[in-house]
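These notes concern the structure reproduced below.
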Amino acid sequence: MSADAHAVFTPGRLGPLTLRNRVVKTATYEGMCPGGVPSDALVRHHGTLAAGGVGMTTVAYCAVSAAGRTFDAQMYMRPEVVTPLRRVTDAVHAGGAAASLQLGHCGAFSKSAALRPWGPLGPSFGINAYGLMAGLPFTRAMTEADIATVVDDFGRAAELALGAGFDALELHLGHGYLLSQFLCPATNRRRDRFGGDLDGRARLPLAVVDRVRQVVGGRAAVVAKINLRDGFRGGLELPDAIGVATRLEAAGIDGIVMSGGFTSRTPFYLFRGERPLREMIEVEKSRLQRVVLRLVGARVIRAYPFEELFFLPLAREVRRAVRVPLVLLGGALSLDNLDTAMREGFEFVAMGRALIADPDLIARMQRGEATRSRCISCNKCVAEMDRPGGVRCVLPAA
């Protein structure tokens, strides 16, 4: 079959944006912002992905404020990073692709020393396991004033992102960060208008979407990343995920990226495959945390078997419920996987680890030189994110 016969290589519309093909490099944390500032490595990373043929590449997790960082060295949106980020978008555009920026807030999931002594804010009071070793054991419940500040922060960050040249903004409603914490019944135990049923739990995420859409005003695509399942008892399940998707569609979202997992509880629900505990221990900076990982890591960090297109059965149910463009994510490794996503009715397909292993995979597929990524789902790239130089594939170069 010729490349022309594959629908995945045809242009796709995402709000005001037209992508040259249907493949999106999903947001995978790069570890290339030392001191919270985008580096030359980040420019090369996304420039290489663009030159390698993707329709759009996503810069991962830019916090909307200093308080929204999961750790102190993480990038957060402020005027000082606009020019460095413009170098990233320039490189992406030079490679013929569109550039997206993932905007998020950590909420209760933080070990940032800047939040001492009071600790991070979340939907409800709780234990901040991620911050235990950093002296931040508890999460405080947000007031309505705190919630209003977060909405303002997303709007301000969106305006700065436009100034940096981004074509799309991905609002992070998944993976156990703040907006996901509000959607999750286990972490949102509020009794006010921001808690309770799904309408209440979705109130803050939808307010963020509304504010960002007002700020953007059609100048860029606005998409949301959501969880199909949180992956633990009491967490968000598929019926609520469908409810979130229908509410996002009614709110005018341009697209939805479907993912899953809760970083603080089920971190490898998204990273199906091997569990690289030895490598994770090697890169952990805290001596105490290294000891804890050696003692209990194998018991508390669950591994999930890898299957190609592992979110497809859940994503099909969302596809039946909404007409908004959907991005299928999870275990896409081959041209056959990409074709399957198109046949199943998804407008776009996201790839992560496959493109870390082979940044030029899409261009080679279009030329008929490749049909599959070298990725073996060893997940050692997850640990590489925390090494000097940032994320990379550990397999020998092709």
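Please verify whether ASP90 is over 19 Å from GLY389 (Cα atoms), touching a residue at least 40 places away in the same chain (Cβ under 8 Å) and surrounded by fewer than 24 Cβ atoms within 10 Å (Cβ to Cβ), treating the condition exactly as stated. It is true that ASP90 is over 19 Å from GLY389 (Cα atoms), touching a residue at least 40 places away in the same chain (Cβ under 8 Å) and surrounded by fewer than 24 Cβ atoms within 10 Å (Cβ to Cβ). Within the range 67-98, the set of residues being under 17 Å from GLU170 (Cβ atoms), under 17 Å from the mean Cα position of the chain (by Cα) and either among the hydroxyl-bearing types (Ser, Thr, Tyr) or not in a helix (DSSP H, G or I) (or both) comprises THR70, GLN74, MET75, TYR76, MET77, ALA98.
For the range 355-376, enumerate the residues that are outside any helix (DSSP H, G or I) and buried (at least 19 other Cβ atoms within 10 Å of the Cβ).
ASP358, PRO359, SER373, CYS375
A Cβ distance below 9 Å, combined with a sequence gap of six or more or placement on separate chains, defines the contacts here; from the range 194-208, residues that are within 17 Å of GLY174 (Cβ to Cβ) reach residues that are polar (S, T, N, Q) and assigned to a helix (DSSP H, G or I) in the pairs PRO205/SER180. Within the set GLY119, GLY96, GLY107, GLY135, the sole residue that is surrounded by fewer than 17 Cβ atoms within 10 Å (Cβ to Cβ), at positive phi and at pLDDT below 95 turns out to be GLY135. In the set (1) within 25 Å of ALA168 (Cβ to Cβ); (2) modelled with pLDDT of 95 or more; (3) not charged (D, E, K, R), the condition left unmet by GLY234 is number (1). The set of residues from the range 234-259 being surrounded by fewer than 24 Cβ atoms within 10 Å (Cβ to Cβ), touching a residue at least 24 places away in the same chain (Cβ under 8 Å) and part of a loop (DSSP other than H, G, I, E, B) comprises GLY234, GLY235, ALA251, GLY252, ASP254. Residues in the range 286-303 that are in contact (Cβ under 8 Å) with a residue 60 or more places away in the chain and either of a type in the set (Val, Ile, Thr) or surrounded by fewer than 17 Cβ atoms within 10 Å (Cβ to Cβ) (or both): SER286, LEU288, VAL292. Testing VAL64 on (1) more than 16 Å from the chain's Cα centre (by Cα); (2) surrounded by 24 or more Cβ atoms within 10 Å (Cβ to Cβ), one condition comes back false. Which one is that? Only one criterion is unmet by VAL64, namely (1).
One residue alone among VAL209, VAL151 is over 17 Å from SER259 (Cβ atoms) and modelled with pLDDT of 95 or more, and that residue is VAL151.
Quick check on my filter: what residues within the range 157-176 are out of contact with any helix residue (DSSP H, G or I) (no Cβ under 8 Å at 6 or more places or on another chain) and not in a loop (DSSP other than H, G, I, E, B)? Residues satisfying the conditions are ALA157, ALA168, GLU170, HIS175. One residue stands out among those in the range 165-210 that are of a type in the set (Gly, Ala, Ser) and surrounded by fewer than 24 Cβ atoms within 10 Å (Cβ to Cβ): the one that is farthest from ALA94 (Cα to Cα), which is GLY196. I'm trying to understand the selection: among the residues of the range 9-44, which are assigned to a helix (DSSP H, G or I), surrounded by fewer than 24 Cβ atoms within 10 Å (Cβ to Cβ) and not aromatic (Phe, Trp, Tyr)? Correct list: PRO34, GLY35, GLY36, ASP40, ALA41, VAL43, ARG44.
Looking at the structure I just gave you, is ALA383 surrounded by fewer than 18 Cβ atoms within 10 Å (Cβ to Cβ) and either in contact with a His (Cβ under 9 Å, 6 or more places away or on another chain) or at pLDDT below 95 (or both)?
When the stated conditions are applied, ALA383 does not pass them.
Scanning the range 261-308 for residues that are under 18 Å from the mean Cα position of the chain (by Cα), under 19 Å from TYR130 (Cβ atoms) and of a type in the set (D, E, K, R) yields a single hit, ARG265.
Total residues in the range 309-323 satisfying the condition of being touching a residue at least 24 places away in the same chain (Cβ under 8 Å) and either buried (at least 21 other Cβ atoms within 10 Å of the Cβ) or under 21 Å from ASN337 (Cβ atoms) (or both): the figure is 10. When the criteria are applied in full, ALA164 fails the requirement of being at pLDDT 95 or above, within 16 Å of SER65 (Cβ to Cβ) and among the aliphatic types (A, V, I, L, M).
Taking the condition within 21 Å of ALA27 (Cβ to Cβ) and in a loop (DSSP other than H, G, I, E, B), does GLY331 pass? Yes: the conditions hold for GLY331.
The values are calculated or read from the model by the stated rules, or taken from the named source; none is laboratory data. All figures in this text were calculated on a predicted structure; none of them were measured in a lab. Cβ coordinates were reconstructed from backbone atoms using ideal geometry, including for glycine residues, and neighbour counts include every protein chain displayed.
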